[in-house]
Amino acid sequence: MVKEKRLSLPFQILIGLSLGILAGIMLQNNPDVADNFIKPLGTIFLNLIKLVIVPLVFSSLLVGIADLDDAAKIGKIGLKTFIYFFCTTAIALIIGLTVANVFNVGSGFTLPVEDLAYEAKEAPKFIDTLVGIIPANPLKSIIEGEMLQIIVFALILGAGLLAVGEKGKPVLTFFNGIAEAMYKVTDKIMKLAPIGVFGLMTPVIAHNGPQVLLPLSKAILAVYFACALHVLLVYSSTVKIFGKMNLKQFYKGAFSPWLMAFTTSSSAGTLPVTMEAAEKELGVSKPIASFVLPLGATINMDGTAIYQGVCALFIAQVYGLNLTISQQLTIVLTATLASVGTAGVPGSGMIMLAMVLQGVGLPVEGIALVAGVDRIFDMIRTSINVVGDLACAVIVAESENELDHSVYLEEMTPSRE
Ligand code: ASP
């Protein structure tokens, strides 16, 4: 029997994108046709993405906290891991936003906002965001899709459920079921991305012409550049100073997981390779590796954070909206939390970008501009996510005297035979 060969999803999305551009060019004189007949496909796709955000973030965060059962026991290790994860993610965002500002990522073309039926909302002030982060009425936050408040509520409820032990278990099992279902649903929605991207792209091109795509290459370049900078500045220095590890050895050991993540775009899928590399190549003890790495694959996403920062600024600029410093600080806060809620599977960083845009009052429709080439972004962001997990494992292990330097020192000593 001849095995049916199917095109890979990223390739299908690229086809959707190309067809969208082509249809847009052909309909430049008739943009109404694009609006009335093709745009609804894009709108449905976008609504599907929006549909999963709240249940996905809420349930996966709750379950993530539940997995921390041991963290209470491990205490110190948990605290160090958290501090490293959060600090590096916030720095990643600052690097991403700085690079995006310097590159002026979205300059060169401005989409007329009214064409996309987007009304610029008054963006919230940073201090208001901070104060408003604690929801007075969590159900209202859920109904209104206030992401930051939802995240905080999930964290608080998760901590409460952990504290009550056995009594909290059924609730956690329930949300575990929802989280799993949402992963599945996300996976299915992503399968519709080729059609969605086609539906989103066509009207944009029909109204504005294909030159709207030019700034995109700048955004891709900015994300890759910021990721490289993050590795060089943050991982290299922390691994060297706190992990006391030879950098050549670190990157040599991290190479296989890096490559695996680059090609699969899934930190969760790469986890077995990451664990093996941590223990066998980098000398991280098993208990530390099995605590830090699965947690990292779930909540530590520096590459995703960089991507979200750059793309938020890119989309704002393409829409001709200037982001103030306070809005950019809101991005740092929202995207740090968004990257925590990002699942380690392909494409989820883009779904979370919708939340970041929403959080800062930017048009979610802007996702159309970056969705077509998401895989190119996803490859680099996932691989950086995984290297960040490994850097953390090395540092925490060294600080606990659980890093076996002999693993690689032996290898580096020339044999005398
Ligand atoms: N694919 C990424 C990961 O698995 C998440 C993302 O889409 O940013 O780490």
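The values are calculated or read from the model by the stated rules, or taken from the named source; none is laboratory data. The shown structure was predicted, so the numbers you read here are calculated from the model rather than taken from an experiment. Virtual Cβ from ideal backbone geometry, glycine too; neighbours counted across all protein chains shown. SASA here: full protein model, heavy atoms, side chains in, ligands and nucleic acids out. Shrake-Rupley method; radii C 1.70, N 1.55, O 1.52, S 1.80 Å.
Summary of values
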item: Cα→Cβ-extended label distance, 7 Å offset, between residue 155 and residue 143, nm; result: 2.6 nm
item: Axial C-alpha extent at least 30 Å, average Kyte-Doolittle at least 1.0 - helices from the chain (DSSP); result: 39-66, 76-103
item: Percent carbon-and-sulfur accessible area, the chain, ignoring ligands, DNA and RNA, probe 1.4 Å; result: 66 percent
item: Percentage relative contact order, the chain, counting C-alpha pairs under 8 Å, at least six apart; result: 30 percent
item: Mean residue ellipticity (222 nm) of the chain, computed from DSSP H runs ≥ 4 via -39,500 (n - 2.57), nearest 500; result: -23500 deg cm²/dmol
item: Contour excess over end-to-end distance, with Cα ends at residue 37 and residue 50 and 0.36 nm allotted per residue; result: 2.5 nm
item: Distant-in-sequence amide H partners of residue 284 (H built 1.01 Å from N, under 5 Å); result: 279, 404
item: Estimated inter-spin distance, residue 87 and residue 290, nm [label 7 Å along Cα→Cβ]; result: 2.8 nm
item: Taking the range 228-296 and dividing mean pair separation by its residue count, relative contact order in percent (alpha carbons under 8 Å, at least six apart); result: 23 percent
item: For the chain, built as a Gaussian network whose Cα springs stay under 10 Å, the top-fluctuating residue of 284, 387, 407; result: 407
item: Sequence ranges 263-275, 347-359, ranked by mean other-Cβ count within 10 angstrom, highest first; result: 347-359, 263-275
item: Residue 241-residue 406 pseudo-label distance in nm [points 7 Å out on the Cα-to-Cβ vector]; result: 3.0 nm
item: Protection proxy ranking, peptides 95-106, 311-322, average beta carbon neighbours within 10 Å, highest first; result: 311-322, 95-106
item: Choice from 344, 372, 209 with maximal GNM fluctuation in the chain (Cα, 10 Å cutoff); result: 209
item: Potential extension, residue 7-residue 187 segment - 0.36 nm per residue separation minus Cα distance; result: 63.2 nm
item: Percent of Cα pairs exceeding the 18 Å cut-off, where the set is the range 315-413; result: 61 percent
item: Label-zone membership for the range 187-206, site residue 25, 7 angstrom Cα→C-beta point, backbone N under 13 Å; result: 205-206
item: Packing-based ranking, highest mean first, of 323-332, 24-33 given that Cβ atoms within 10 Å are counted; result: 323-332, 24-33
item: Links that overshoot a 22 Å alpha carbon limit, given the list 80/286; 191/218; 76/248; 252/280; 50/140; result: 191/218; 76/248
item: Mean accessible surface per residue for the range 324-405, computed with a 1.4 Å probe while every protein chain stays in place, in Å²; result: 20 Å²
